[in-house]
Each structure stands twice: as C-alpha cells, then as structure tokens.
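The values are calculated or read from the model by the stated rules, or taken from the named source; none is laboratory data. These numbers were taken from a predicted model, which means no experiment stands behind them. Please note: Cβ atoms are built from the backbone with ideal geometry, for glycine as well, and neighbour counts cover all protein chains shown.
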Amino acid sequence: MILIDGKATSEQIKKEIAQEVLLRKEKGLKIPHLAAIIIGNDGASMTYVNSKVKSCMQVGFNSTLIELPENTTEEQLLHEINILNLDKDIDGFIVQLPLPHHIDEQKIIMAIDPLKDVDGFHPVNVGKMTLELPTLLPATPYGIMELLERYQISTSGKNIVVIGRSHIVGRPMSILLSQKRKTGDATVILTHSRTQNLIDYTQKADIIIAALGKAEFLTGEMVKQGVVIIDVGITRIEDNSKKQGYRLAGDVHFESVSKKASYITPVPGGVGPMTIAMLLKNTLNTCLMK
Ligand code: NAP
C-alpha cells in the first residue's frame, strides 16, 4: 500500500509557486495578491482562512484578510465583493463558506468576477470546466487531479465511484474524471444519499473518491483488493485525549480499507493541504493572465 502524501505534495507545489514568485520579483513583475472575506467567527472557518493567509506568506504572495461581523447584511457583503472586483491589485479572492443563513450563497458566488474566482465556484467557471475550456478549477477537485497525476495513477478506462454530489467536490470530480484527458477517460459513477446498494458499486470500483462528510463510512468490506482511495472527508470527532478536544476523521475507515488499498490518502495530510496549494496555484494563474 502506498500512502498518498498530500502534505509533501502540497509543499512541493508551494515551492514551485514560490520559485515563480521569486522570478517575478526579480523581473519587477506584479506579485500575486489573494484576498479572503470571512464572516463571523466560526472556529473551523477561521482555521481554514488563517492557514490560507499563512500559505500566501509562505509563497511570497500578498494577502488581505477582510473580517466582517456575523450580522453583516447581504448588501454590505455585495459591496465588499464589488470593491475587490474593481481593485486592480487583487488577482483573486474567496468568500469563506458557509455563510450565515440570512445571506444567499448563490447570489454571493454570482457577484464575484469570474476572472478573480479562485475557488472556481462561479457558474461561468463551472460551465467552462464542463465544456473542457481553460478556466479556474475548484480547488479541491483540482488538488485531487494533481495528486492522481503526480502519483502517476492511471484513470483511463477505470471504474471510478464518486460518493457525494456536492457542487464543490463530488460533481466537479465526476465531470473532470470522465473527460477526454490524460487524468480522465474514466467510467464514472456519481453516487449520493439516494443511491441504492452503494456497496454494489464500491466493490467494483478501481478508484473511489469519498466525499460525503460521514466519518469512517467506507469500510474494508465495501472495497475490492487493490483499490485506489481518495478520502476527501473531514469530520471533527470529540476526543478528550487530544489537546484541542477533537480528532479529525475522514470518510474512510482507514484501518480496514488501507489493508486492501493499493494507494490511499490519509486524513489529515491527504486532500486537505492540496486544496490550499491549488487555491494558490489558481491565484498565480489569474496573475499570469494579466
Ligand atoms: P456536502 O455538500 O454535505 O455533500 C455531501 C454529499 O454526500 C451529498 O451529495 C449527499 O447526498 C452525499 N451523501 C450523504 N450521505 C450519503 C450516503 N450515506 N451515501 C452516499 N452519499 C451520501 O459535502 P461536501 O461539501 O462535498 O463535503 C464532503 C466532505 O468533504 C466533508 O467532510 C467536508 O468537510 C469535506 N471537504 C474537504 C475538503 C478538503 O479540502 N479536504 C474540501 C471540501 C470538503 P445528497 O446530495 O443526496 O444529499
């Protein structure tokens, strides 16, 4: 079994980005600038945003963090987005999700300039991705594609089961892997909570992308020998033996599945760090397009 080391791969990608930034500095070219808007003080969201800002510093990007209170109105948020859309120095920005219930998430995503949408969630970018046109890919699926490529895991003609059909992970994953491309050309089955007899699909899968958000859901008896496992899930499980009072669990029961897998991503240290690296890559790409 080979452990797919997302942490090491993401560090390598960040090193490549940092080198590119250094070259740009030497040539007097613009330094990429990523901005993030966060609303409220949800612990997990704060952690994600802070590590994004930290990663920006690591690769030499400029970064701006805009922290807004929980009671920010939709209009106020749209106003902030408009400022970032018009700011020539900002190459890309994200609005950290989830948003408070009084704000329409779709309306917010639609307001972001597609050329600065480094999360790749805007319908224009989703449409371009679906039509196989060059665009900003959503960071988590982009990171998974990168892991498959860098570990030279062949997907052509393989049976791939994606568990979960969210707009940010499962569905784009199923689209990318079914496309006519090097890491693609797979026969993809997209499953969800209404799928009947999921095990019938998972037991036949050469590759499984688990993105349903249910801790340790996929167990050893659900997979075949030699399967490749990409575990996207991150769930906090109460654990008083840990300093922070919880541990992180993936959607895969690592102990039983890893015994049968040929490749597997751990949680933490698998897909998670790749998401941030690809967000930086998207920001660099938007800067290069100028
Ligand atoms: P989501 O929006 O909650 O979607 C979950 C999907 O799983 C839905 O399509 C749901 O089906 C499906 N599902 C739920 N129970 C199921 C079951 N028993 N069998 C089959 N499918 C089932 O989740 P998400 O945003 O995609 O996130 C999924 C997980 O990945 C979460 O743990 C999240 O924290 C993690 N995540 C990690 C990263 C990273 O960087 N590593 C990035 C994003 C998300 P329905 O559509 O029928 O409801």
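So the values come out like this:
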| item | result |
| --- | --- |
| Scan of segment 25-47 for residues that are without any contact (Cβ under 8 Å) to a residue 12 or more places away in the chain and either in contact with a Cys (Cβ under 8 Å, 6 or more places away or on another chain) or in a helix (DSSP H, G or I) (or both), ordered by number | Glu26, Gly43, Met46, Thr47 |
| Residue count, segment 131-167 (criterion: surrounded by fewer than 20 Cβ atoms within 10 Å (Cβ to Cβ) and either away from the ligand (no atom under 16 Å from the Cβ) or touching a residue at least 40 places away in the same chain (Cβ under 8 Å) (or both)) | 16 |
| Selection count, segment 249-290, where residues are under 30 Å from Asp117 (Cα atoms) and of a type outside the set (Val, Ile, Thr) | 22 |
| Only one of Ser156, Ser166 that is in a loop (DSSP other than H, G, I, E, B), at pLDDT 95 or above, under 30 Å from Glu70 (Cα atoms) and among the polar types (S, T, N, Q) | Ser166 |
| Candidate set from segment 80-126 (those that are under 19 Å from the mean Cα position of the chain (by Cα) and among the polar types (S, T, N, Q)); member that is surrounded by the fewest Cβ atoms within 10 Å (Cβ to Cβ) | Gln106 |
| Search result, residues across segment 50-79 that are out of contact with any Asp or Glu (no Cβ under 7 Å at 6 or more places or on another chain), assigned to a helix (DSSP H, G or I) and surrounded by fewer than 19 Cβ atoms within 10 Å (Cβ to Cβ) | Asn50, Ser51, Val53, Lys54, Met57, Gln58, Glu75, Gln76, Leu78, His79 |
